[in-house]
Amino acid sequence: MNIGFIGLGVMGKPMAGHLVDAGHEVVVFNRSRAKVDELETHGAVGALGPAQVGEKSDVVITMLPDSPDVEHVLFGTEGVVSTLRPGSLVIDCSTISPTAAIEVAARLAEKGIAFVDAPVSGGEAGAIAGALAVMMGGEEEAVRRAIDVLDAVAATLVHVGPVGAGQLVKAANQMLVAGNIALVGEAVTLLQRSDVNVDAALTVLGGGLAASKVLETKAPKMLTRDFEPGFRVDLHHKDLKIALAAAEQAQIAVPLTGVITQLVQALRSAGDGGLDHSALIKALERLSGTPSG
C-alpha cells in the first residue's frame, strides 16, 4: 500500500519506520529534513512537501502537534488535499480537539476523501515497540481501512464512535495520565522528604493496587531528574485544555483536571514547558519548598 506520513517527531518517526518494515511503500515529510533523511536510509521515500505526499499516496497519516498544524498540512497552499485523489483516506494520529476533527472530516468529505481521527497513547516507548493504543473515530468502512494500516504500529486498535470520538477518548486519556503523574510526583516528594528507602518503597507500591504504567515509567525519571522528552509539558498542557473545553461542552465538572492544568501551567511559566511531563514533580517541589533542579 502507498502510505504518506507527515510529522516525524518522537512518535511519528518510529511509527513510519514500522510501516516501512511492514512492507508498505511509505512517503515521508517533516519540517526538519534530518528526520526524512534518516527514514530514507530505512527504506522510506522522502517528499519535498505535503502536496508531493498526497500525490504519491492512497492513505496519508498525520502526526502533528496541534489543530492548526493539521489544517495547514492538509488544506494550506501546496497541502495534501491539493493532490490527494478522491477515495483516499486521511488518518490523523495527532491529538487535536474533537471539534477540529469533525471540521477536518467535513472538509475532506467535500473532496471525496475519507477521514479517521486516530490519536494514540503509549508514549515514545510504545511507538518504538510498535505497541501503541489507538482510539479511532469515523465511519465503519474508513476505520476498517485504517486498522489495516495501523496494525503495524499498534497493539490495541479500538473503534470508539463517529468522527471526533477518538479525540474525546484521547482527552480522557490525557486527564488520567496527568492526574497519575501528579499523584506519583506527590508520592515521590513525600517519600524523599521522609525517613524511608525510596527505591524499596516504590518497589512495594508497584506490587499493589497503586501499580500503574505511569508509576513504573515516570517515577524513575523523577528520581534521576531525567526530564528529556518523551512527551513535552507544553503538549500535555494543550491536551488538558482540550479536555477542559470538552468537559465544558458536556456540562460536567472536572475539578481535579482544572487543578492539574494549573500545575502544568506553573511549570510552563517557570520555563519548563520543553521538558518531559514527568517534570510535573518540579512544580510540586516548589510548592513544598524543596529545591528543584
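Those residues that are in a helix (DSSP H, G or I), loosely packed, with under 15 Cβ neighbours inside 10 Å and in contact with a Leu (Cβ under 9 Å, 6 or more places away or on another chain), I need them from region 217-235; list them, please.
Answer for region 217-235, where residues must be in a helix (DSSP H, G or I), loosely packed, with under 15 Cβ neighbours inside 10 Å and in contact with a Leu (Cβ under 9 Å, 6 or more places away or on another chain): just P220.
Being in contact with a helix residue (DSSP H, G or I) (Cβ under 8 Å, 6 or more places away or on another chain), over 16 Å from T62 (Cβ atoms), of a type in the set (A, V, I, L, M, F, W, C) and at pLDDT 95 or above is the requirement here; does A125 meet it?
Values: in contact with a helix residue (DSSP H, G or I) (Cβ under 8 Å, 6 or more places away or on another chain): yes; over 16 Å from T62 (Cβ atoms): yes; of a type in the set (A, V, I, L, M, F, W, C): yes; at pLDDT 95 or above: no.
Answer is no for this residue.
Where in region 2-110 are there strands (runs of 3 or more DSSP E), lying wholly inside it, with at least 1 residues that are surrounded by 24 or more Cβ atoms within 10 Å (Cβ to Cβ) and in contact with a His (Cβ under 8 Å, 6 or more places away or on another chain)?
Where strands (runs of 3 or more DSSP E) fall fully within region 2-110 and carry at least 1 residues being surrounded by 24 or more Cβ atoms within 10 Å (Cβ to Cβ) and in contact with a His (Cβ under 8 Å, 6 or more places away or on another chain), they are 2-6.
Name, by its number, the condition in (1) modelled with pLDDT under 95; (2) farther than 18 Å from M63 by Cα that does not hold for A178.
Evaluating A178 over (1) modelled with pLDDT under 95; (2) farther than 18 Å from M63 by Cα leaves (1) as the failure.
I need the full set of residues from region 86-115 which are among the charged types (D, E, K, R) and more than 18 Å from V149 (Cβ to Cβ), in order please. Write out each step before concluding.
Of all residues in region 86-115, those among the charged types (D, E, K, R) come to 92, 103, 107, 110-111.
Matches in region 86-115: E103, R107, E110, K111.
For (1) within 27 Å of T99 (Cβ to Cβ); (2) of a type outside the set (S, T, N, Q); (3) in the same structural domain as D66 (by TED's automatic domain parsing), each residue gets a yes or a no:
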| residue | (1), (2), (3) |
| --- | --- |
| G207 | no, yes, no |
| A243 | yes, yes, no |
| A246 | yes, yes, no |
| Q251 | yes, no, no |
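Just to check your reading of the model, which residue among A247, A243 is under 20 Å from G123 (Cα atoms), of a type outside the set (V, I, T) and assigned to a helix (DSSP H, G or I)? Don't jump to the end; show me each part of the working.
Values: A247 fails: under 20 Å from G123 (Cα atoms).
Being under 20 Å from G123 (Cα atoms), of a type outside the set (V, I, T) and assigned to a helix (DSSP H, G or I) holds for just one of A247, A243, which is A243.
Could you say which residue among V160, V177, V134, V149 is crowded, with 23+ Cβ neighbours inside 10 Å and either under 19 Å from A247 (Cα atoms) or among the hydrophobic types (A, V, I, L, M, F, W, C) (or both)?
Values: V160 fails: crowded, with 23+ Cβ neighbours inside 10 Å; V177 fails: crowded, with 23+ Cβ neighbours inside 10 Å; V149 fails: crowded, with 23+ Cβ neighbours inside 10 Å.
The unique qualifying residue is V134.
Please determine, by comparing only the residues of region 37-69 that are in contact with a Gly (Cβ under 9 Å, 6 or more places away or on another chain) and of a type in the set (V, I, T), which one is nearest to M1 (Cα to Cα).
For region 37-69, the residue satisfying everything is V59.
Using the structure shown, decide if G122 is under 12 Å from the mean Cα position of the chain (by Cα), on the phi > 0 side of the Ramachandran plot and in the same structural domain as E55 (by TED's automatic domain parsing). Full working, then the answer.
Numbers: under 12 Å from the mean Cα position of the chain (by Cα): yes; on the phi > 0 side of the Ramachandran plot: yes; in the same structural domain as E55 (by TED's automatic domain parsing): yes.
Spelling it out, G122 is indeed under 12 Å from the mean Cα position of the chain (by Cα), on the phi > 0 side of the Ramachandran plot and in the same structural domain as E55 (by TED's automatic domain parsing).
Provide a single number: the residues in region 143-194 that are of a type in the set (D, E, K, R) and within 29 Å of I260 (Cβ to Cβ). Quick ask: steps written out before the conclusion?
Our first condition is that a residue be of a type in the set (D, E, K, R); within region 143-194, this holds for 144-145, 148, 151, 170, 186, 193.
With the extra rule that they be within 29 Å of I260 (Cβ to Cβ), the set shrinks to 170, 186, 193.
Total meeting the criteria: 3.
The values are calculated or read from the model by the stated rules, or taken from the named source; none is laboratory data. The shown structure was predicted, so the numbers you read here are calculated from the model rather than taken from an experiment. Here the Cβ is made from the backbone with ideal geometry for all residues, glycine too, and neighbour counts use every protein chain on show.
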